[in-house]
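Trainee: Following this message is one structure expressed as structure tokens.
The values are calculated or read from the model by the stated rules, or taken from the named source; none is laboratory data. All figures in this text were calculated on a predicted structure; none of them were measured in a lab. In this analysis, Cβ positions are derived from the backbone assuming ideal geometry, glycine residues included, and neighbour counts consider all displayed protein chains. The area values use the complete protein model at the heavy-atom level, side chains included, leaving out ligands, DNA and RNA. Shrake-Rupley method; radii C 1.70, N 1.55, O 1.52, S 1.80 Å.
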Amino acid sequence: MGCSSTPTAPLPASGNGRAVLGICLFLAALVWIVFGQTLQHQFINFDDDAYVYQNPMVKGGLTPAAVGWAFTHKHQDNWHPLTSLSHILDCQLYGLNPGGHHLTSVLLHGATAILLFLVLRQMTATLWPCAFVAALFAVHPLRVESVAWVSERKDVLSGLFFVLTLGAYLRYVRRSKSLLNYLLVLLLFGLGLMSKPMLVTVPFVLLLLDYWPLRRFPQPARFSIPQPLLLEKIPLLVLSTISCLITLRVQSGAIHDAQVVPMALRIENAIVSAAAYLAQMVYPANLALSYPYPINGLPPWEIALALLVLVAFSAAAFYWRNQRPWLLTGWFWYLGMLVPVAGLVQVGGQARADRYTYLPQIGICLLLTWTLVELSERWRNGRFILAGSAAACIAILAAGARAQTAFWRNSESLWTRALACTTNNALAESNLGSLLYQDGRLDEALAHSQKALEIQPDDVGANNCVGFVLLQKGQVDEAIAHFHTALRARPDYAPAHSNLGMALFQLGRVDEAIAHFRSALEADPTVADIHNNLGAALVRQGQFEEAVAHYQKALELRPDYPGACNNFAWVLATTPQPSIRNGARAVELAQRANQLTSGGNLVILRTLAAAYAEAGRFPEAIETANQALQLATTQGNSAWANTLQKEAGLYLAASPLRDPPPAK
């Protein structure tokens, strides 16, 4: 490949082997102290479901079909097959135990921190500055989102391949510019792109490293880039271009157009975000998952101040490019690696995110560290002052990162923290509302979901949650309106289709309900509730055989599902089609449902009585029907009491029940 403009003989690496080993062990311990707690954390209800625990291709473990899917399908509007494979492998090893998935992320992050230290040491021939950069990278609180969130596996995995690519490039430059060494660089870079396409800027980073510390530019540095160095990057740029095209293709449905987020606001936000990340690096307080766009736009003074900071730093980096070359490399490493996540091509509704700093801020760490080392040489006892300050800095950052990591222990603590740190955060309100409604805390869920709709009226999750709560309160028409709003925003949203189907079923519009249940299953065939609800609607239409198939599927997906056990048992016991009836199986299912509900459910007791009757066990049918009758009487439910009394009379006459289930 291309040749260097200046000699590139290997530099001596300072520090003895024991010091290097000690630093590696220290970095590993530091990562574990901060992030080891995640082994006790849960999955969260934002992306973890689609990435792992509700994704049938992932949670099924390592199979040929899953491997093929990882390479041929998008995963949450991304094509990152190695990341998908890592999730699949975790499910193979740990099942759906979240601790195992978190362990993999912690190990990957720890390995990246250690390799970063080793590669920088070889590049710069220094020991302690490289150790400090790696420690800053390892435990800065801005790293928490990337490490503690299972869905951000793409960050830690791509980070590992990024550092390996730097190491391979160093080997190519310093040891032998052989084709084999260059192919290794291409391979590792390609694997990194297949982990997260944010690495498309790596060729640019390698050019910066050519400038410093590899010093492959002629000195003093000019503004032009030596042609051999550019030619050397062309194969890497080809891979970057291919990755960009694939990413644009798979994210086409998630990219916001200019009507949703105007381009002017995107540019302003990119400027402010780049400055905000710098401020968060110095003072990492009030960190949250998702920082929403300001409702009324960004204040002009904030945009002007951020632009001034960025221009001033850029000018300083150019001005001192010969005397302090690390300023240019570190600063433009930071800005360059932020470009893919600056929001100019807007994916998602966030203004910025902590995870976007995972690799870019290594550049700032380099810049700060080498600047402080230079300054300390002018101080009396500068080495001791610098060492003490560095130790204190790492200790403070590690404590802050450990505290921040604790907020990721479960979804409720995470979203509660986000609401405490941000304003008008529709995403946090909506996800907290969804979590609370799944936990049955309907009034709290309604309050948070309505707040989300005040901020973002077309929020899909919030509309679905509000609709569900209104449905439980009997306000069916209002609920249907919210479900329709959710589906206009996202036509393939399975929960809204399912809930709309239930609402229409309650109104007796069974054909429409069936259509929405089918749409829900097309979007997500892994939800047992939807199969159960579709089964009930099909029974109402007399389609017993298909209903049985859906009840069976519901129980495959959730064996301890009392509702599906009960409904399946009722059909097997009471359907007018002899070919479907099966008294023994009906008894087995009804007993299971009764056991799962501790024997106090009126509907299930009624089903169990009918199952005993179909099986010819009439004394038990009579006894169970009387038990249900007594329960209905105690509850003051006269309608059910009358029904059960009539059915008990049938059983006294040794006659089984033939009646499809009531609408529920």
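Trainee: Using amide H atoms built 1.01 Å from N in the peptide plane, name the residues 5+ places from R352, or on other chains, whose amide H lies under 5 Å from its own.
Mentor: Excluding prolines and chain starts, which carry no amide H, the hits are Y291.
Trainee: How large, in percent, is the carbon and sulfur part of the accessible surface of the chain at a probe radius of 1.4 Å?
Mentor: 60
Trainee: Once ligands and nucleic acids are excluded and a 1.4 Å probe is used, how much of D443 is accessible, expressed in Å² to the nearest 10?
Mentor: About 110 Å², ignoring ligands and nucleic acids.
Trainee: I'd like to check one number: the per residue accessible area of segment 604-664, probe 1.4 Å, reported in Å² as a whole number.
Mentor: 50
Trainee: How large is ³J(HN,Hα) for each residue in segment 458-465, as worked out from phi by the Karplus curve 6.51 cos²θ - 1.76 cosθ + 1.60 (θ = phi - 60°), to whole Hz, x for Gly and Pro?
Mentor: Listing the rounded values in order: 9, 4, 5, x, 5, 4, 5, 5 Hz.
Trainee: With the dipole of the chain worked out from charges on the C-beta (+1 for Lys and Arg, -1 for Asp and Glu) around the Cα centre, which of N424, V20, L184 lies farthest toward the positive end?
Mentor: V20
Trainee: Further question: What is the gain in length, in nm to one decimal, between W301 and A653 on full extension, counting 0.36 nm per residue of separation less the C-alpha to C-alpha distance?
Mentor: Length difference between fully extended and current span is 118.1 nm.
Trainee: Here are labelled values, (1) 49, 37, 35; (2) 74, 27, 19; (3) 60, 25, 23, and one is the computed semi-axes √(5λ) of the Cα gyration tensor in Å for what I pasted. Which one?
Mentor: (3)
Trainee: On to the next question. So, for segment 341-476, what is the accessible surface per residue at a probe of 1.4 Å, expressed in square angstrom?
Mentor: Normalised by residue count, the accessible surface of segment 341-476 is 43 Å².
Trainee: While we're looking at this one, here's another question. Against the longest principal axis of the chain, how steep is helix 179-193, in degrees 0 to 90 to the nearest 10, with axes from Cα atoms?
Mentor: Here the helix axis deviates by roughly 40 degrees.
Trainee: Still on this structure, I have one more. Rounded to whole Å, give me the distance from the Cα center of segment 610-646 to that of segment 352-430.
Mentor: Answer, in whole Å: 65.
Trainee: Residue by residue through segment 514-523, which ³J(HN,Hα) values in whole Hz follow from phi under the Karplus form 6.51 cos²θ - 1.76 cosθ + 1.60 (θ = phi - 60°), with glycine and proline marked x?
Mentor: Result, rounded to whole Hz: 4, 4, 6, 4, 5, 4, 4, 6, 5, 6.
Trainee: Also, I was wondering about something else. Give the distance, in whole Å, between the Cα centre of segment 476-526 and the Cα centre of segment 22-74.
Mentor: 32
Trainee: Continuing with this model, one more query. How large is the accessible surface per residue of segment 116-193, computed with a 1.4 Å probe and reported in Å² as a whole number?
Mentor: Accessible surface, normalised per residue, equals 25 Å².
Trainee: Follow-up question, since we're still on this one. Compute, for M198, the solvent-accessible surface of its heavy atoms (probe 1.4 Å) with the complete set of protein chains present, and express it in square angstrom to the nearest 10.
Mentor: 20
Trainee: Which of the trypsin sites (Lys or Arg not before Pro) across segment 329-422 are loop residues per DSSP, with 10 or fewer other Cβ within 10 Å?
Mentor: Listed in order of number, the matching sites are R378, R380.
Trainee: Suppose every K and R has +1 on its Cβ and every D and E has -1 on its Cβ; what is the size of the dipole of the chain about the Cα centre, in Debye to the nearest 20?
Mentor: So the magnitude is around 2660 debye.
Trainee: Another question, if that's okay. Set the Förster radius R0 to 45 Å, insert the Cβ-Cβ distance between N637 and L107 as r into 1/(1 + (r/R0)^6), and round the FRET efficiency to 0.05.
Mentor: The value I calculate is 0.20.
Trainee: Could you give the size of the charge dipole of segment 116-202 about its Cα centre, using +1 on the Cβ of each K and R and -1 on the Cβ of each D and E, expressed in debye and rounded to the nearest 20?
Mentor: Using Cβ point charges on Lys, Arg, Asp and Glu, segment 116-202 gives about 340 debye.
Trainee: Taking R0 as 30 Å, what FRET efficiency do you get between E444 and D47 from their Cβ-Cβ distance, rounded to the nearest 0.05?
Mentor: 0.85
Trainee: Any idea what angle helix 528-540 forms with the longest principal axis of the chain, computed on alpha-carbon atoms, 0 to 90 degrees, nearest 10?
Mentor: The answer is roughly 30 degrees.
Trainee: Hey, which lysines would be in cross-link range of K553, C-alpha to C-alpha under 27 Å, not counting anything within fewer than 8 residues on its own chain?
Mentor: By straight Cα distance, K553 reaches K59, K74, K664.
Trainee: Give the distance, in whole Å, between the Cα centre of segment 286-300 and the Cα centre of segment 114-141.
Mentor: 33
Trainee: Here's another thing I want to ask about it. When we measure straight from the Cα of K451, which aspartates and glutamates land under 19 angstrom away, once same-chain ones fewer than 8 places off are left out?
Mentor: K451 reaches E412, E429, D439, D443, D459, E478.
Trainee: Calculate how steeply helix 583-596 sits against the longest principal axis of the alpha-carbon atoms of the chain, using the helix alpha-carbon long axis, and give the answer as 0 to 90 degrees to the nearest 10.
Mentor: 60
Trainee: With n ≥ 4 as the cut-off for DSSP H runs, can you work out [θ] at 222 nm for the chain, using -39500 (n - 2.57) per run divided by the number of residues, rounded to the nearest 500?
Mentor: After summing the helix terms and dividing by the residues of the chain, the value is -22000 deg cm²/dmol.
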